[in-house]
Amino acid sequence: AHENTNLQPQLPPVEQNYGATAAHVRQGPSVSVSEKGPAKRDYMIAAVLCYANLLNFMDWFIVPGILLDIQKYFKLSDGDTGLLQTVFILCYMLAAPIFGYLGDRYNRKIILGAGIFFWSGVTLGSSFISESYYRIFFISRGLVGIGTASYSTVAPTIIADLFEEGKRTTMLSIFYIFIPVGSGLGYVLAAGMADVTGDWHWAFRVTPCMGGLALVLLILLVPHRTQRRTAAHRALSISGTIRVAAEKPGVQRTAKTTWCQDVISLAKNWSFVWSSLGLTAMAFVTGALGMWMPQFLYRAQVAQGTVSPCLQKSSNSSNSLIFGGITIGTGILGVITGAEAARRLRKINNKADPLICATSMFISALCLYIALMVAETNILSTFIFIAFGELFLSVNWAVVTDILLYVVTPRRQSTAIALQILVSHLLGDAGSPYLIGIISNAIQAKNACSFQWSFWSLQYSFVVCAFVGVFGGGFFLLTSFYIEEDRKEAER
């Protein structure tokens, strides 16, 4: 869309609703924000980006879906198994700031295409690694994380540039629905392919083919250069707030800043800082759940005597399939519920977004703790409380991104997203799977080797996640103290 910036200086600022559910823009008779709504091509581009996001997270969660098979194949301890996902996350988060910097300054289509091609190729190659070369398998997962980072930092900013206000938030909500949906499908794909073929390696040969289709669609539909919104356009970010100001002749519209200057500016934005720490707690919990929950459910069933210990080459994958289905269903429902709750509550409270995130984190932590405690006696209740825990975690996905996009100026958004990825993964899911595995190993080492202690060790380790979830809720509460001031600063 092309914004009209030739506006009369005497017009006062026009305030709008903002965030995940901004409605229609109130415009004066002489204010034109866009000449027309989004074209069909814009929706097609968004669809391609959503499809690629789906593949990103499917590939991300293939390993947890067949974790027991991989652990037996490479003869890994709990600690080493957790390290497998940690390597992926570490490479992902370290690469994110680099691609964030590039995404704010260079051609985003090329960055997206290169990333999809790279992670698809490495994923396919990892399916041919034999049991003698487990270190190469670890390295391959790290390389996939680098390719994934190039996509995750850039794609949301393109969607934010394609759509105005309420439509933009709707499209971002749809985009982020594919995080839990892709994660769940990753479990289903991995477990299904292992069951059908009898060989877990085939799970890594499906997403690369789907990635090839995404690359072709990206080349055909996404323009070589996408128009970026800048502060000069005054249709700032997803917030839906428009401030009309006069432009002085001869004044440079958008001052270029260095990456360090952008980082310093973001560090002074307390809404961004506290919401990023809240997201870090979310990442810690989801990373640990995603990696270890199917394994935890299996050990709980063995401890109860309802399932025989898996000693054969290929293990029963029903827990991965069920957990994947729960992740898909709760993810879709959670993201939609979060966006709708934000839309309704923001009408009566401008701090609704961080308060929604805080409440959902507290409830999720409670549900997770109950799920852990009842796992030894009732596996059905465990599934139910895990579902509620994941549901309330999923409420926050689109809302947290929404907060970032209306408290950060558009020309710093890719950098902000990259920094948020770096912090949330460095302190979150980069270490949580490994930490859970290390604690489990330590508990097992001090007790008799038995299936009962194998379950208890993982159960006690998971309690850490419940406490981290409570801290996450506290961080979002702190965000609510600063969000109004930072939003207004971003509008200026």
>> Loop-only trypsin sites (Lys or Arg not before Pro) in segment 75-118, please: DSSP not H, G, I, E or B, and at most 15 other Cβ atoms within 10 Å.
In response: Lys75
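Based on a Kirkwood Rh over C-alpha pairs, give the Stokes-Einstein translational diffusion coefficient of segment 122-223 at 10 °C and viscosity 1.306 mPa s in µm²/s. Kindly include the intermediate steps, with their values, before the conclusion.
Details: Rh = 15.8 Å.
The estimated diffusion coefficient comes to 100 µm²/s.
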> Ordered by residue, what ³J(HN,Hα) values in Hz, to whole numbers, does segment 62-72 give under the Karplus form 6.51 cos²θ - 1.76 cosθ + 1.60, where θ = phi - 60° and Gly and Pro are x?
Replying inline: 5, 4, x, x, 10, 4, 5, 5, 5, 4, 6
> Between Asn107 and Ser77, how many nm apart are label points set 7 Å from Cα along the C-beta direction?
Replying inline: 5.0
> Spin-label point model (7 Å from Cα, Cβ direction): what's the Val470 to Glu485 distance in nm?
Replying inline: 2.9
> When only alpha-carbon atoms count, how far does segment 260-491 stretch along each of its three principal axes, as whole angstroms with the largest first?
Replying inline: 60, 37, 28
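What part of the accessible area of segment 38-227, given as a whole %, is carbon or sulfur when the probe is 1.4 angstrom?
So the carbon and sulfur contribution to the accessible surface is 73 percent.
Please give me the summed charge of the neighbours of Val206: other residues whose Cβ is under 15 Å from its Cβ, Lys and Arg +1, Asp and Glu -1.
-2
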> Listed highest first by mean packing, meaning other Cβ atoms within 10 Å per residue, what order do 430-443, 271-284, 478-491 come in?
Replying inline: 271-284, 430-443, 478-491
>> Bins of 10 Å, beginning at zero and ending with the bin holding the largest distance: percent of Cα pairs per bin for segment 320-379, please.
In response: 19, 38, 29, 12, 2
> Whole number please: convex hull volume per residue of the Cα set in segment 38-227, in Å³?
Replying inline: 108
> With point charges of +1 on the Cβ of Lys and Arg and -1 on the Cβ of Asp and Glu, referenced to the Cα centre of segment 260-491, which listed residue (Ala300, Gly278, His425) lies farthest in the positive direction of the dipole?
Replying inline: Ala300
>> Among Tyr133, Ser152, Trp60, whose Cα projects farthest towards the positive end of the dipole of segment 38-227, with charges put on the beta-carbon of Lys, Arg (+1) and Asp, Glu (-1)?
In response: Ser152
>> Treating only the Cβ of Lys, Arg, Asp and Glu as charged (+1, +1, -1, -1), what charge dipole size does segment 38-227 show about its Cα centre? Round to the nearest 20 debye.
In response: 480
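The values are calculated or read from the model by the stated rules, or taken from the named source; none is laboratory data. From a predicted model like this one, the values you see are computed outputs, not experimental measurements. With ideal geometry, Cβ positions are generated from the backbone for all residues, glycine too; neighbour counts draw on all protein chains shown. The protein model used for the area step is the full one, side chains on, heavy atoms only, and it has no ligands, DNA or RNA in it. Shrake-Rupley method; radii C 1.70, N 1.55, O 1.52, S 1.80 Å.
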